[in-house]
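Accompanying notes for the structure given below.
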Amino acid sequence: MLLTAAIIIAALGSGLIAGLFFAFSTFVMQALALRPPAEGMAAMVSINRVILRSLFMPVFFGTAILGIALAIYALIVPMPASPWLIAAALVYLLANIVVTMVWNVPLNTAIDRADPAADNSALWAHYVDRWTRWNHVRTIACLAAAGLFIVALID
């Protein structure tokens, strides 16, 4: 029962994060890109600062921790669902957490440190393109992880 609850929570956490990333990939970044660079950058910097103090962080990292715990359990106690749990944790960690830290966070830092009075047109265009591209990866990864956790429940 506890294992089932943990898998459900991991699936829901992955799905919640996928949904947030999906919103950014499909319309938030497009809306920000339509604004003048200074406005778009200011809005994104504000979003990035607020998100660090929101419920996003416990769900984002809590799902990763729960995924790791489930993968470790699956390795220690082999069961039919073990491959699915291990795969879900790996997808969530590698294609979400690692991508976030290696690609999205440095891009966020770059616009946060930019001089708001400067012409940041090139920086903003680069940011929107790269950040959104890597956000698509995170969206797909979190959705895949949610699916893999669900398959683990069925298996």
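Where a number appears in this text, it was derived from the coordinates with a stated rule and is not lab data. This is a predicted model, so every value here is computed, not measured. All Cβ positions, glycine included, derive from the backbone under ideal geometry; neighbour counts span all protein chains shown.
Observations on the model:
- Under the condition of being loosely packed, with under 14 Cβ neighbours inside 10 Å, of a type outside the set (A, V, I, L, M, F, W, C) and more than 13 Å from residue 43 (Cβ to Cβ), the residues counted in segment 106-130 number 7.
- Restricted to segment 84-103, and to residues there that are within 20 Å of residue 131 (Cβ to Cβ) and β-branched (Val, Ile, Thr), the residue that is farthest from the chain's Cα centre (by Cα) is 102.
- Long-range neighbours under 7 Å by Cβ, at least six apart or interchain, first residue farther than 18 Å from residue 142 by Cβ within segment 21-48, second of a type in the set (Phe, Trp, Tyr): 37/124; 40/124; 41/124
- Restricting segment 1-36 to residues that are over 21 Å from residue 55 (Cβ atoms) and of a type in the set (S, T, N, Q), the residue that is farthest from the chain's Cα centre (by Cα): 4
- Single residue of segment 52-81 satisfying the filter (among the hydroxyl-bearing types (Ser, Thr, Tyr) and touching a residue at least 40 places away in the same chain (Cβ under 8 Å)) that is surrounded by the most Cβ atoms within 10 Å (Cβ to Cβ): 63
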